[in-house]
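The values are calculated or read from the model by the stated rules, or taken from the named source; none is laboratory data. Because the structure is a prediction, the values reported are computed rather than measured. No Cβ is skipped: glycine too gets one built from the backbone with ideal geometry, and neighbour counts run over all protein chains shown.
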Amino acid sequence: MKTIIVLQLTWLCYCLSGALGQGDGEREGGVVVNKQQLDKANTPSAFHTMLIGMMLEQKVELSQTKTKLESMEARLNASKVQEEELRTRLRNAENQLDELRKMNQERPRVAFSAALREDGPGSNQGPFNTETTLVYRKVITNIGNAYNPTTGMFTAPVRGLYHFTFYCHTYGANIAFLLMYKNGDIVVGTADHVTSSDGADNGSNGAVLLLEEGDQVYVRLEAKSWIWVESDRHLSTFTGILLFAQ
């Protein structure tokens, strides 16, 4: 727009200069200007040269404007690409979250805790002439119902890695040996020997086991051993939990 106005003003000046050349001469400030001098000052070649210069300047301005527009367009396209990348990452994150939710819903949940219990006041359980499976009748937790409070047996519902612990309370005047089994094989045990220096003792042990579906885990009291059982404080317990299925 600026260049167009300049061109219009230039053309107007050119026309006026041509009009001045119609007489033989003009008086300006008391000086007579010769017509040939006016014609020489307003020759078409000088005017064309000026127009060409202005057109070149306009061309440069247009080129610069085009470059700026192309740069803006490139930045806009880059922003669109970044936006699409963010949308893709968001969709992927949502899909992963859905997969985790689905896996969590499908994952088996197995956990139990049970305690030895007497209906009356506390008393010793044992001694027995033979090794005896302890039946923890007081069920505290039994998610998945893999523990049987009638037999004292835990049966693995799925193949996986499990963690088991057992605790016992005894009196120092009685010997106490407890063993945790897996399918008839001893895994770990705990022992309390007869002493006259203390009135009571506590024992515990545990293990992480890789079980196949159907494997059984249980705790047995050795022959001629004793363990203290109460109805309310649950001092002797058996616990197991599935860490993860395989």
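The set of residues in segment 145-158 that are surrounded by 14 or more Cβ atoms within 10 Å (Cβ to Cβ) and assigned to a loop (DSSP other than H, G, I, E, B) comprises ALA146, PRO149, GLY152, ALA156, PRO157, VAL158.
Look at (1) surrounded by fewer than 17 Cβ atoms within 10 Å (Cβ to Cβ); (2) modelled with pLDDT under 90; (3) assigned by the TED database to the domain that holds LYS224; (4) not in a strand (DSSP E or B) and you find that ASN124 fails only one, number (4).
Quick one: would you say LYS68 is modelled with pLDDT of 85 or more and assigned to a helix (DSSP H, G or I)? Yes.
State whether one or more residues within segment 213-221 are surrounded by 16 or more Cβ atoms within 10 Å (Cβ to Cβ), aliphatic (A, V, I, L, M) and closer than 17 Å to ARG117 by Cβ. The answer is yes; a qualifying residue exists. When ASP232 is tested against (1) farther than 29 Å from ARG107 by Cα; (2) at pLDDT 95 or above, only condition (2) is not met.
Quick one: which residue in THR165, THR132 is surrounded by fewer than 19 Cβ atoms within 10 Å (Cβ to Cβ) and either hydrophobic (A, V, I, L, M, F, W, C) or at pLDDT 95 or above (or both)? Write out each step before concluding.
Details: THR132 fails: either hydrophobic (A, V, I, L, M, F, W, C) or at pLDDT 95 or above (or both).
None of the others qualify; the one that does is THR165.
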